[in-house]
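The values are calculated or read from the model by the stated rules, or taken from the named source; none is laboratory data. As the structure is a computational prediction, the values presented were derived from the model and not from experiment. Every residue, glycine among them, receives a Cβ derived from its backbone with ideal geometry; neighbour counts consider all protein chains shown.
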Amino acid sequence: MGRIMSAERLRFVFNRFRERLWVKPLGVALLSIAAVFLASLADDTSLARLFPRTAVDSLETLLSIMASSMLVIATFSVGSMVAAYNAASSSATPRSFGVVVADDVSQNALSTFIGAFIFSIVAITAVKNNGFEAAGLFVLFVLTALVFALVIFTFVRWVDRIARLGRMGSTIDKVEAAAAEALQRRRRAPTLGGVPAEGAPVGQAVFAPSVGYVQQIDMYRLQAWAEQAGRRVRVVALPGAFLFPGRALAYVPGPAEGVDHDEVAAAFDIGDERLFDDDPRFGLVVLSEIAGRALSPGVNDPGTAIDVIGTLVRLFVQWRAPCPADEPARPIHDRVAVPELDIADMFDDAFTAIGRDGADTVEVVLRLLKALHALADTGDVAMAAAARWHARRALACAESRLPVAVDLARVREAGAFAGPMAAD
């Protein structure tokens, strides 16, 4: 069966290319080569006699300056970007590397510098070999001036960005944006475009062909197979699930005959690491890791943990907000059943580590309890239950580690909304 390239699949593939530093520079380099050859076409137009004459020596000098300087700037930009990536991985968490390396401004800057270098090399080679007449030289001069202007604008903009890239605040913002995008996408399609899964899964189990994480599910491919086979599919491994021998990807109700295990398993992209795209819980995990590292004795930065708590509250409020009437995606894969995300699991991803690692820091515990109190008052029953459970857990951790009676009294007052620990 041929693979269907759906819009979701194309988005997934496009995002993987965005994380490759060579893609944009290669595209701009090819574009710059094409620009040089297109300039020579001006010599063959009827407007060639209207172009002013351009001194070859001045153009060669300009291109030589660009060629010698752009390679240096490109090398400098690569070094600065690598330093920023290392800073993001060491100060925040290595799991944030994917969103930092996909920074558009830095990639565009590197692409512009390399493209300008390639443009100048190709152009000066063509000029020295008499590849242009008067009209072509003038068009090439205009293109060179435009490239210079673009380089200057890009460099100034990039310097402002590189000063922030890799800093803790910038990394948190990028992770929040990636998590918010994944949450909004899942909020619009809680079952990935399929129908809600009900009851326990039954039927023929389809197991993972390898060990790793589910990165994406090709729902169109599952639907196409189910329609062709006249069967239904029950997904049990959502994006972000860790797979190992004996862990089922999906179940196909009915007899074993006619179940194409390889085709069903092929609809699941499995990789060595989790990705932000279709895994909203991964963004929550990364934010929690950033807070946990900030609360470690070697860093001792409770302010960052407090910032992360505020970020998590924003994300959960956005998740709980009602979907506009024109936003929800109606089920289009009626033969594929998919479970929805469990809000209790999402709270575990977000707040378990912070409640444990920040239990001996009164300002972190207070902010965490106030945040959970705010989430408990959103009106969502499941979210309120999860918030109260984590508040009771955070309070229990604090009671075992806070040495000052006054601080402990304040924490108990802030956590009073959750009730006693035994009330579950």
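Which of the following residues is crowded, with 17+ Cβ neighbours inside 10 Å and free of Cβ contacts under 8 Å to residues at least 40 places away in the same chain: Leu243, Leu222, Leu249? Write out each step before concluding.
Details: Leu222 fails: free of Cβ contacts under 8 Å to residues at least 40 places away in the same chain; Leu249 fails: free of Cβ contacts under 8 Å to residues at least 40 places away in the same chain.
Sole residue among the options that is crowded, with 17+ Cβ neighbours inside 10 Å and free of Cβ contacts under 8 Å to residues at least 40 places away in the same chain: Leu243.
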The listed residue being at pLDDT 95 or above, of a type in the set (Val, Ile, Thr) and on the phi < 0 side of the Ramachandran plot, out of Ile290, Ile309: Ile309
Failed condition for Glu263, given (1) more than 30 Å from Trp225 (Cβ to Cβ); (2) in contact (Cβ under 8 Å) with a residue 60 or more places away in the chain; (3) surrounded by fewer than 19 Cβ atoms within 10 Å (Cβ to Cβ); (4) touching a helix residue (DSSP H, G or I) at 6+ places or on another chain (Cβ under 7 Å): (1)
Pairs where the first residue, in the range 129-147, is over 14 Å from Leu63 (Cα atoms) and the second is of a type in the set (Lys, Arg) and surrounded by fewer than 17 Cβ atoms within 10 Å (Cβ to Cβ), C-beta under 6 Å, 6+ apart: Ala134/Arg53
May I ask you to verify whether Ile309 is of a type in the set (A, V, I, L, M, F, W, C) and under 22 Å from the mean Cα position of the chain (by Cα)? yes
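Could you go through the range 74-81 and let me know if any residue there is polar (S, T, N, Q), over 13 Å from Arg161 (Cα atoms) and modelled with pLDDT of 80 or more.
To start, the set of residues in the range 74-81 that are polar (S, T, N, Q) comprises 75, 77, 80.
Next cut, over 13 Å from Arg161 (Cα atoms) only: 75.
Subsequent filtering for residues that are modelled with pLDDT of 80 or more retains 75.
Looking through the range 74-81, at least one residue is polar (S, T, N, Q), over 13 Å from Arg161 (Cα atoms) and modelled with pLDDT of 80 or more.
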Hits in the range 378-406 (condition: among the acidic types (Asp, Glu) and in contact with a Leu (Cβ under 9 Å, 6 or more places away or on another chain)): Glu399
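Hey, could you check the range 359-404 for residues that are free of Cβ contacts under 8 Å to residues at least 60 places away in the same chain and of a type in the set (Asp, Glu) and say which is surrounded by the fewest Cβ atoms within 10 Å (Cβ to Cβ)?
Quick first cut of the range 359-404, residues free of Cβ contacts under 8 Å to residues at least 60 places away in the same chain only: 359-360, 362, 365-366, 368-370, 372-373, 376-377, 379, 381-382, 384-404.
If we keep only those that are of a type in the set (Asp, Glu) too, we end up with 360, 377, 399.
On the way: Asp360: 15, Asp377: 12, Glu399: 15.
The residue in question is Asp377.
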Filter the range 177-211 down to the residues that are on the phi > 0 side of the Ramachandran plot and either under 17 Å from the mean Cα position of the chain (by Cα) or surrounded by 17 or more Cβ atoms within 10 Å (Cβ to Cβ) (or both) and list them by number. Leu192, Gly193, Gly203
Selection within the range 260-276 - in contact with a Phe, Trp or Tyr (Cβ under 9 Å, 6 or more places away or on another chain) and either among the basic types (Lys, Arg) or part of a strand (DSSP E or B) (or both): Asp269, Ile270, Gly271, Arg274
Could you tell me which of the residues Val285, Val336 is assigned to a strand (DSSP E or B), in contact with a helix residue (DSSP H, G or I) (Cβ under 6 Å, 6 or more places away or on another chain) and either surrounded by fewer than 21 Cβ atoms within 10 Å (Cβ to Cβ) or touching a residue at least 12 places away in the same chain (Cβ under 8 Å) (or both)? Val336
Can you find a residue that is surrounded by 23 or more Cβ atoms within 10 Å (Cβ to Cβ) and either on the phi > 0 side of the Ramachandran plot or in a loop (DSSP other than H, G, I, E, B) (or both) anywhere in the range 252-259? no
Check Arg356, Arg367, Arg412, Arg401 and return the single one that is more than 30 Å from Arg231 (Cα to Cα), at pLDDT 95 or above and over 26 Å from the mean Cα position of the chain (by Cα). Arg367
Is it the case that Ile121 is part of a helix (DSSP H, G or I), without any contact (Cβ under 8 Å) to a residue 24 or more places away in the chain and out of contact with any strand residue (DSSP E or B) (no Cβ under 7 Å at 6 or more places or on another chain)? no
Given the condition buried (at least 21 other Cβ atoms within 10 Å of the Cβ), part of a loop (DSSP other than H, G, I, E, B) and of a type outside the set (Lys, Arg), answer yes or no: does some residue in the range 292-304 qualify? yes
